[in-house]
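Read through the structure below, which is laid out as structure tokens, and then see the notes.
Please treat every number below as a calculation from the coordinates, not as lab data. Please read all numbers here as calculations on a predicted model, not as lab measurements. Neighbour counts run over all protein chains shown; Cβ positions are idealised from the backbone, glycine included.
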Amino acid sequence: MGLPQNIILVGFMGSGKTATGKELANIFKFDFWDMDKWIEKKNKKKVSEIFKEKGEKYFREEESKALDWFKAKTHYVVSTGGGVWINPENRQRLLNLGWCVWLRVNPDQSMKRVGKNLRQRPLLFQNNNPILVIEKMMQERNPIYDLAHTSFDTNEKKPKKIALEIKKYFEEEHPFDLFQLQK
Ligand code: S3P
């Protein structure tokens, strides 16, 4: 495939991109990069504060800048923010930066996972009925997430289990020239 050796996790809020990404980075001995955390550090503000004070447009521009920073990196597991993939330009860049894995999640499970930390999800928090927003957004976004190289179901699964399934896939399918796996 000639792709750089990065594993890029995409998917809706609450699909487990961060927790699974950390597990995967451990398994593969890759570095872990959380895009939202990078943006928070750069702006010295939480994502929720950035949305509130500077607006979504600004945040989306920061996502593109995060990709500029990442562009020459290899041997990373990347946890993307749920919306970065939706922008066609960003999506094409991610598809060229490594193997893109969509972590699938259903609305109830997403709600269950993000519910504890809803304040940090500005797109859901502002609404009285977050589950309806989740359903609607997923309907729009799932066909776009489906453009990733591959996907895994995460419902009712712990991050470790998902990471091991992904590891198995990489061992069996070796979608790109495989790195040294630590067994
Ligand atoms: C967003 C998802 C969030 C964060 C921001 C916008 C989205 O990241 O980037 O609130 O548009 O889906 P997580 O997917 O890590 O929750």
*asked:* Report, to one decimal in Å, the Kirkwood hydrodynamic radius for segment 43-118 based on all distinct Cα pairs.
replied: 14.2
_From the phi angles alone, apply the Karplus equation (6.51, -1.76, 1.60; θ = phi - 60°) to segment 41-51 and give each ³J(HN,Hα) in whole Hz, x where the residue is Gly or Pro._
5, 4, 8, 6, 8, 6, 3, 4, 6, 4, 4
*Looking at this model, which pairs from 65/168; 29/57; 54/160; 22/46 are more than 31 angstrom apart at the alpha-carbon?*
65/168; 29/57; 54/160
*Compute the length gained on full extension between residue 164 and residue 29: take 0.36 nm times their separation in residues and subtract their Cα-Cα distance, giving the result in nm to one decimal.*
47.2 nm
*Just from its helices, what would the mean residue ellipticity at 222 nm be for the chain, if runs of 4 or more DSSP H residues each count -39500 (n - 2.57) and the sum is divided by every residue, rounded to the nearest 500 deg cm²/dmol?*
-16500 deg cm²/dmol
*Work through the residues other than residue 75 whose Cβ is under 10 Å from its Cβ and net out their charges, Lys, Arg +1 and Asp, Glu -1.*
+1
*Amide H contacts under 5 Å for residue 151, placed H, 5+ residues apart*: 102
*Per-selection metrics, the chain (Cα): Rg and Dmax in Å*: 15.7, 48
*Hey, fewest Cβ within 10 Å first, where do 80, 74 land in order?*
74, 80
*Pick out, from 110, 150, 137, the residue whose Cα sits farthest towards the positive end of the charge dipole of segment 94-183, with +1 on the Cβ of Lys and Arg and -1 on the Cβ of Asp and Glu.*
110
*HN-Hα J couplings of segment 93-108 from phi, Karplus 6.51/-1.76/1.60, θ = phi - 60°, integer Hz, Gly and Pro as x?*
5, 5, 4, 8, 8, x, 7, 9, 10, 8, 8, 7, 8, 8, x, 4
